[in-house]
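Notes follow the structure.
The values are calculated or read from the model by the stated rules, or taken from the named source; none is laboratory data. Note that the coordinates shown come from a computational prediction; the quantities given were computed from them, not determined experimentally. Neighbour counts run over all protein chains shown; Cβ positions are idealised from the backbone, glycine included.
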Amino acid sequence: MGDEVLVGDVGGTNVRFAIARRQDGKIVAESFEKLAGADFDKFDDALSAYLEKTNARVDRACFAMAGPVQHGEVTLTNRGWHVSEAQLQTRFGFEDVRLINDFTAMARSVPEHDPGAFESILPGTAEDGAPIIVAGPGTGFGVATLFHECGNWHVLNGEGGHIAFAPRTDLEFQLTKMLRDKFGYVSNELIASGMGLEPMHEAFCEIFRRPVEDLSPEEMRKRADAGDEMYLNLILVRACAVMGAVGDLALANGAVGGVVLAGGVTERIVDFLRMPEAVERFRERGPMSGFLADCPVVLMHDPEAPLIGAAAYYD
């Protein structure tokens, strides 16, 4: 890369910045800062705060944004910020600015990581040269496909988290009907992501005929661990939605190079992802069940992954 590049990971909850460069073949990130998105009216203000705090002077920037980037502009899916490459270039005097989807960056970071960054969820054997699905729920539900061609890594991204949720159990059909009546469309993001937890919780309380309590995700998890049937089912449905979604994506993309899960929600429910019901949701594909029988699923542990990926993408 030679020169440094300012990188950012702009999510629905937090904004992370760093200064990155390639050194001895590896991406190195420094001056790492995490800011709460709710503290700022717009992205420019968060970026200004970072530049003032670190006194950084960088000519080039690449920002990973939690939303669909089109023609150098993006509106964040779960925060109303509108961001434009041209406006950032004008305001901050950058020579070059690139906006990319956050899961483009997440996916591009995968080949930059050592094997120790990955925890096995489902064992298997990755097929060399085959596409890899990189996906998972955080505030939203990100999806990207990673593949290697002509000596370079490439990322195909879209809005795969908004694919319709496919219920398979009686409880899930009941839940889907309730959410459909309220929202009109039930996506995997609504079932599995952080932004969907509140409506999911309300629906479960209605199904189980219990009052809605104001609980944090950690408190819900504690109740599940203590054997509370409703919260056990709530987390298991979310885990099954994740494994069903990435199984669908792997099937559609021929991604027998494996599945890499990422995102904060994924980390918190990792043991539920290994439960037989969730494993079956990934593997069971009717006459095509053999297709994913040996497809590995791993969890990537690195809060800085989108920053590393943004730098690698820019490089």
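Which residue, of Glu206, Glu213, Glu198, Glu202, is within 20 Å of the chain's Cα centre (by Cα) and more than 18 Å from Leu261 (Cβ to Cβ)? Break it down into steps so the answer makes sense when it comes.
Values: Glu206 fails: within 20 Å of the chain's Cα centre (by Cα); Glu213 fails: within 20 Å of the chain's Cα centre (by Cα); Glu202 fails: within 20 Å of the chain's Cα centre (by Cα).
Only one candidate passes the filter, namely Glu198.
Here is a list: Gly72, Gly80, Gly93. Which entry is touching a strand residue (DSSP E or B) at 6+ places or on another chain (Cβ under 8 Å) and either polar (S, T, N, Q) or surrounded by fewer than 16 Cβ atoms within 10 Å (Cβ to Cβ) (or both)? It would help to see each step written out before you state the result.
Working: Gly80 fails: touching a strand residue (DSSP E or B) at 6+ places or on another chain (Cβ under 8 Å); Gly93 fails: touching a strand residue (DSSP E or B) at 6+ places or on another chain (Cβ under 8 Å).
Sole residue among the options that is touching a strand residue (DSSP E or B) at 6+ places or on another chain (Cβ under 8 Å) and either polar (S, T, N, Q) or surrounded by fewer than 16 Cβ atoms within 10 Å (Cβ to Cβ) (or both): Gly72.
Would you confirm whether any residue within region 158-166 is at pLDDT 95 or above, of a type in the set (A, V, I, L, M), outside the structural domain of Gly11 (by TED's automatic domain parsing) and within 23 Å of Val69 (Cα to Cα)?
Yes, region 158-166 contains at least one residue that is at pLDDT 95 or above, of a type in the set (A, V, I, L, M), outside the structural domain of Gly11 (by TED's automatic domain parsing) and within 23 Å of Val69 (Cα to Cα).
Which condition breaks for Glu189 when tested against (1) more than 21 Å from the chain's Cα centre (by Cα); (2) in a helix (DSSP H, G or I)?
Just one mismatch for Glu189, condition (1).
What do you reckon, is Val265 closer than 30 Å to Glu112 by Cα, part of a helix (DSSP H, G or I), under 21 Å from the mean Cα position of the chain (by Cα) and among the β-branched types (Val, Ile, Thr)?
For Val265, the condition - closer than 30 Å to Glu112 by Cα, part of a helix (DSSP H, G or I), under 21 Å from the mean Cα position of the chain (by Cα) and among the β-branched types (Val, Ile, Thr) - is met.
The rows are residues; the columns are (1) touching a Cys at 6+ places or on another chain (Cβ under 8 Å); (2) surrounded by fewer than 15 Cβ atoms within 10 Å (Cβ to Cβ); (3) closer than 27 Å to Ala20 by Cβ.
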{"residue": "Asp214", "(1), (2), (3)": "no, yes, no"}
{"residue": "Arg223", "(1), (2), (3)": "no, no, no"}
{"residue": "Leu234", "(1), (2), (3)": "no, no, no"}
{"residue": "Ala255", "(1), (2), (3)": "yes, no, no"}
{"residue": "Ala262", "(1), (2), (3)": "no, no, yes"}
{"residue": "Val265", "(1), (2), (3)": "no, no, yes"}
{"residue": "Phe272", "(1), (2), (3)": "no, no, no"}
{"residue": "Ser289", "(1), (2), (3)": "no, yes, no"}
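Can Arg108 be described as at pLDDT 95 or above, under 20 Å from the mean Cα position of the chain (by Cα) and either crowded, with 20+ Cβ neighbours inside 10 Å or not assigned by TED's automatic domain parsing to the domain that holds Asn152 (or both)? Write out each step before concluding.
Values: at pLDDT 95 or above: yes; under 20 Å from the mean Cα position of the chain (by Cα): yes; either crowded, with 20+ Cβ neighbours inside 10 Å or not assigned by TED's automatic domain parsing to the domain that holds Asn152 (or both): yes.
Answer is yes for this residue.
Output the residues belonging to region 12-56 that are of a type in the set (A, V, I, L, M) and farther than 18 Å from Ala311 by Cα.
Filtering region 12-56 for residues of a type in the set (A, V, I, L, M) gives 15, 18-20, 27-29, 35-36, 38, 46-47, 49, 51, 56.
Across region 12-56, the qualifying residues are Leu35, Ala36, Ala38, Ala46, Ala49.
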